[in-house]
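Worksheet for the structure shown next.
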Amino acid sequence: MRDKIIEEIKKADTIMIAGHIMPDGDDISSVSSLTYGLTMYGKKTVGIIDDEIPEYLEEFKFVKKYIRDFDCAKKNPSDLIIIVDASSPDRVGRVQELFEYRRVIVIDHHATNTNFGNINWIDPSYASTAQMVKEVLKGLDVKYNSELATMNLTGIATDTGFFRYSNTDQKVFRDAADLIEKGAELSKITNSVLENKPIENLLLLKDVIDEMEFYNDNKIVISHVKLDMIEKYNILPKDIPPFVGDLRSLKGVEVAVMFNEHEKGVFHVSMRSKEWFDVSKIAFEMGGGGHPRAAGFSSDKPLEELKNITLLKIKEVFEKK
């Protein structure tokens, strides 16, 4: 499938590379590295994410350099659209409005992908979409410099929890080592993501801890962030930290769920598991998607109702185990 994508890229003159809403490290990495890499290959490109980018990701200079908003997409007609790291068309925001006029390629590592492109390369064996982007650029014989290597490594590092998650396999280390040999600066990535937390985030974490609820002998933990909780610390909804990882790290916890209110009455739900629980199945049932150990969905149901529905589905799986 990679070779088919390479042939499509070779035929196109202008290419739009688009990521998903609520962007994460793998998303911004995949969009920016493919945009820059194809520019180096000689194509006219534009990288698009139709959403606000969290402050900690804006720390990377390549984000502002290679990623634009949807208004820029409308001003830059393209022969080909390449969607990266998005499992369904609704995840790309208004970019989906352009699909009927363009040929669409989807490159993604989510098992829950709906195969919504004309050409779909979906492979959950990759820990990150950034690795798949690396394969495409390798097939095009793009020569890496330190900048490209660093932005490509960002997606691999963040989607593996900096090489801590269960998706960290031999290929992850091989790809990371190859990018470091090409000049990738891992310390810059870790400093921007892990060593750059505003004090307001710690104050909000205190409130999140106060709202924690435990179930099934402390194997399930949930908490939430509402708009009034972030307003008192002047934190924007796009900058709500990924506290679900802190919840999952608790001893004895198998499943952690965070309910984050990003706009009035609309919650983005992040789910994580530690060893055996497949949270992607719950997320898919709720209209979302993701991976077995990391998934999510959005809902406009009232918070307590949403908690009850989600907990019921999780508990049913525990009862069957």
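No lab work stands behind these numbers, since they all come straight from the coordinates. The model shown is predicted, which means the values in this text are computed figures rather than measured ones. Neighbour counts are summed over all protein chains in view; Cβ atoms, including those assigned to glycine, are modelled from backbone coordinates with ideal geometry.
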**Request:** Please list, in chain and number order, the residues 5+ apart from R103 or on another chain whose amide H is under 5 Å from its amide H, with Hs placed from the backbone.
**Result:** I81
**Request:** Kindly express, to the nearest 10 degrees and within the range 0 to 90, the angle between helix 170-181's C-alpha long axis and the longest C-alpha principal axis of the chain.
**Result:** 60
**Asked** Considering the Cα trace of the stretch 199-320, what is its radius of gyration and what is Dmax, both in angstroms?
**Response** 13.5, 43
**Asked** What translational D, rounded to a whole number of µm²/s, comes out for the stretch 66-197 from Stokes-Einstein when the hydrodynamic radius is the Kirkwood one over Cα pairs, at 20 °C and 1.002 mPa s?
**Response** 134
**Complete:** Treating only Lys and Arg (+1) and Asp and Glu (-1) as charged, each at its beta carbon, one finds that the chain has a dipole about its Cα centre, in Debye to the nearest 20, of 740
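Structure shown: which of K274/K315; K64/K264; K11/K44 lie over 18 Å apart, alpha-carbon to alpha-carbon?
K64/K264
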**Long-range HN-HN contacts of T45 with modeled amide H, under 5 Å** = I15
**Complete:** Relative to the chain, whose Cα atoms define the longest principal axis, helix 2-11 and its Cα axis are tilted in degrees, nearest 10, by 50
**Fill in**
Heads up, the stretch 1-142 by the C-alpha gyration tensor (a ≥ b ≥ c square roots of eigenvalues; a/c under 1.5 rounded, else a/b over b/c prolate, else oblate) looks rounded
**Prompt:** Helix 199-210 versus the longest principal axis of the chain: what angle, 0 to 90°, nearest 10, using Cα atoms?
**Reply:** 40
**Item:** Kirkwood-type radius of the stretch 138-196, with distances r between different C-alpha atoms, in Å
**Value:** 11.7
**Asked** Hey, what D do you get for the chain in µm²/s if you plug the Kirkwood alpha-carbon radius into Stokes-Einstein at 4 °C and 1.567 mPa s?
**Response** 64
**Fill in**
Two pseudo-spin positions, 7 Å from Cα along C-beta at L250 and at L205, lie apart in nanometres by 1.5
**Request:** Read phi for every residue in the stretch 59-68 and hand back ³J(HN,Hα) as whole Hz from Karplus 6.51 cos²θ - 1.76 cosθ + 1.60, θ = phi - 60°, with x for Gly and Pro.
**Result:** 4, 6, 4, 5, 5, 5, 7, 10, 10, 10
**Asked** Between E55 and K10, 0.36 nm times their residue separation minus their Cα-Cα distance comes to what?
**Response** 12.7 nm
**Prompt:** When the Cα centres of the stretch 16-83 and the stretch 243-298 are compared, how far apart do they sit, in Å?
**Reply:** 26
**Complete:** With +1 on the Cβ of every Lys and Arg and -1 on the Cβ of every Asp and Glu, the dipole magnitude of the stretch 199-320 about its Cα centre, in debye rounded to the nearest 20, is 380
